[in-house]
Amino acid sequence: MNQMVFEGRALTGIVSSIIRQDTMKVPLNRLDWERIFRLADYHKVANIVHLGILGYRESLPDKWRERFFERYQEALQYGENYKESVKEVLTWLDARKISCTILMSETVREYYPIPETAANSSLQLLLNQENFTLVKGYLVDMGYETDRVYEGVGERLSRLNSISVLLCYKLPFRTARYERDMRRLLETAMLRESYQYIRTLTLEGELIFRLAGAAYRYVTDELTMREVLDLQLCHRTWRDHVRLDAVGRRLEDFQVEQLAEKILRISYMWFGDKKDTYYEHLPDDMPAFDRLEERLLTRGIVNHEADEQALRLQKMIQKELDKEKRAEERQQFREKLKERHEQLKRRIRWIFPDYHYMSSIYPRVEKLPVLLPVYWVIRGIRLLMRTLSG
């Protein structure tokens, strides 16, 4: 078995044992804990791993035990502050009549059986370009600092002992189909209770957003274990309160309904309660799920993709990337052409100075402007002689 796949499955086993509250069956003494920590940190589940390794002091070095504990403490602090921090930001926006949409609600924290195992997720807001600049300035005044820039999409700002806020002026999807269908989905957003300008998706809308987003991020090799876990918790909690057939139809518009179903199913295989009968039997095509799991756990390094919808979406995204690259190359060519043109103009102006400059050093030019070309030649000869003699 590939080492990265082995470590990914070991991490999944540790996390699922805490979420399911059952016995862990992972050989901890065989793991490279530096690699496991970095993998857990990438997948945003290091705080859960801390609980999984309690009582196994002999299985890992103190250095990495302490690093996991640090992430656990951060999760505790976040849990204590996130409600007030979210309220502070949203109240300021609403008071200034700034319309925005919360892309994914923070209520998923309430679905975790152990509160401190929830993620330190960002408050994700979609607003227009003008309001983006205004809100960013407000957050900076409050002590927030930009810690990540998403080119062409927005910025994430963070503050010590507070939440991080992801401000988006554009949805993070490249293909025209995804952009269009996500916009249509956002049209169904409702005003959040107690606010007049803050909108949030319905449970059904957010489930579609999460499933479609998971499929997209899987194809771009950005989907994390934490997102899969959040998806499972949301689906388990909401499935009896939403129209699952309507969810499926909307996912058909994105052309990812089968891929999204596979991701959802693997989320139940990883983190679902064994007593839950939503998926009673193992899927018939287990190799397809093995391929999905390997790609997800290794961030696409192990990639034997065969899913038709994943390959189609991947091709569409690559087409957009190629188009952006060509546009960037054209822009760079135009800039170089412009720069060369400016250089040529500067050289011409140096070789043939304007009338005012020449008349200031050659008085005869002022009296007889027709002599300007003659003095260009005289000046040129003098400069050439100085260059040769010097």
| task | Would you mind computing, in nm to one decimal, how far apart the modelled labels at TYR357 and VAL149 are, each placed 7 Å from Cα along Cα→Cβ? | result | 3.6
| remark: Residue by residue through segment 295-305, the couplings from Karplus 6.51 cos²θ - 1.76 cosθ + 1.60 with θ = phi - 60°, in Hz, x for Gly and Pro, are 5, 5, 6, 9, 6, x, 5, 9, 9, 10, 4
| said: At 7 Å along Cα-to-Cβ for each site, give me the label-to-label distance between THR387 and ALA288 in nm. | reply: 7.3
| task | For segment 261-268, just list the computed ³J(HN,Hα) in residue order, Karplus coefficients 6.51, -1.76 and 1.60, θ = phi - 60°, integers in Hz, with x standing in for Gly and Pro. | result | 5, 5, 5, 5, 5, 5, 5, 6
| note | A convex hull over the alpha carbons of segment 107-152 yields, per residue, a volume in Å³ of 116
| field | For segment 136-220: relative contact order, % (alpha-carbon pairs under 8 angstrom, 6 or more apart) | value | 15
| query | Quick one: Cα centre-to-centre distance for segment 297-331 and segment 188-240, in angstrom? | reply | 23
| note | Out of ARG177, ARG295, ARG379, a Gaussian network model of the chain with alpha-carbon springs under 10 Å gives the largest mean-square fluctuation to ARG379
| said: Using a Gaussian network model on the chain with a 10 Å cutoff between Cα atoms, which of GLU206, GLU261, GLU151 fluctuates the most? | reply: GLU151
| remark: Scalar couplings 3J(HN,Hα) for segment 378-384 by Karplus 6.51 cos²θ - 1.76 cosθ + 1.60 (θ = phi - 60°), nearest whole Hz, x for Gly and Pro, are 4, 4, x, 5, 4, 5, 5
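How large is the charge dipole for the chain, taken about the Cα centre, if only the Cβ atoms of Lys, Arg (+1) and Asp, Glu (-1) carry charge, to the nearest 20 debye?
2420
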| request: Run the numbers on segment 61-210 and let me know its relative contact order in percent, using alpha-carbon pairs under 8 Å that are six or more apart. | output: 27
| said: So, for the chain, what is the accessible surface per residue at a probe of 1.4 Å, expressed in square angstrom? | reply: 57
| said: Suppose a student asked you for the relative contact order of the chain, using Cα pairs under 8 Å spaced at least 6 residues apart; what percent would you report? | reply: 14
| task | Could you sort out which of LYS97/LYS136; LYS44/LYS87; LYS83/LYS136; LYS83/LYS274; LYS25/LYS275 sit more than 27 Å apart by Cα distance in this structure? | result | LYS83/LYS274
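Report, as a whole number in µm² per second, the diffusion coefficient that Stokes-Einstein gives for the chain at 37 °C and 0.692 mPa s using the Kirkwood radius over alpha carbon pairs.
Working: Rh = 24.9 Å.
Answer, rounded: 132 µm²/s.
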| query | Expressed in nm to one decimal, what extension gain is obtained for the pair LYS325 and TYR279 from 0.36 nm per residue of sequence separation less their Cα-Cα distance? | reply | 12.3 nm
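How large is Rg/Rh for segment 183-260, to two decimals, with Cα atoms and a Kirkwood Rh? Intermediate results must be reported in sequence, preceding the final value.
Details: Rg = 13.0 Å, Rh = 13.2 Å.
Expressed as Rg/Rh, it is 0.98.
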| query | On the accessible surface of the chain, probed at 1.4 Å, how many percent belong to carbon and sulfur atoms? | reply | 51
| request: State the antiparallel share, in %, of DSSP beta bridges confined to the chain, rounding to the nearest 5. | output: 65
| Given +1 on the Cβ of Lys and Arg, -1 on the Cβ of Asp and Glu, and no further charges, what dipole in debye does segment 272-352 carry about its Cα centre, rounded to the nearest 20? | 1560
| request: Any chance you could list P(r) for segment 114-231, counting all Cα-Cα pairs in 5 angstrom bins from zero, rounded to whole %? | output: 2, 9, 16, 22, 23, 18, 8, 1
| Given +1 on the Cβ of Lys and Arg, -1 on the Cβ of Asp and Glu, and no further charges, what dipole in debye does segment 133-175 carry about its Cα centre, rounded to the nearest 20? | 180
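Please work out the Cα convex hull volume for segment 215-269 and give it in Å³ per residue. Could the numbers behind the result be given before it?
On the way: hull volume 3.9 nm³, N = 55.
That works out to 70 Å³ per residue.
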| message | Could you identify which residue out of PRO27, PRO373, PRO113 has the top mean-square fluctuation in a GNM of the chain using Cα springs shorter than 10 Å? | response | PRO373
| request: Scan around GLN124 for amide H atoms under 5 Å from its own, H built in the peptide plane at 1.01 Å from N, and keep only partners 5 or more places away or cross-chain. | output: LEU103, MET104, LEU166
| note | Binned at 10 Å starting from 0, the alpha-carbon pair-distance distribution of segment 185-334 in whole percents comes out as 10, 34, 32, 17, 6, 1, 0
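The values are calculated or read from the model by the stated rules, or taken from the named source; none is laboratory data. Note that this is a predicted model, so its numbers are computed, not measured. Note: ideal-geometry Cβ built from the backbone for every residue, glycine included; neighbour counts use all protein chains shown. The area values use the complete protein model at the heavy-atom level, side chains included, leaving out ligands, DNA and RNA. Shrake-Rupley method; radii C 1.70, N 1.55, O 1.52, S 1.80 Å.
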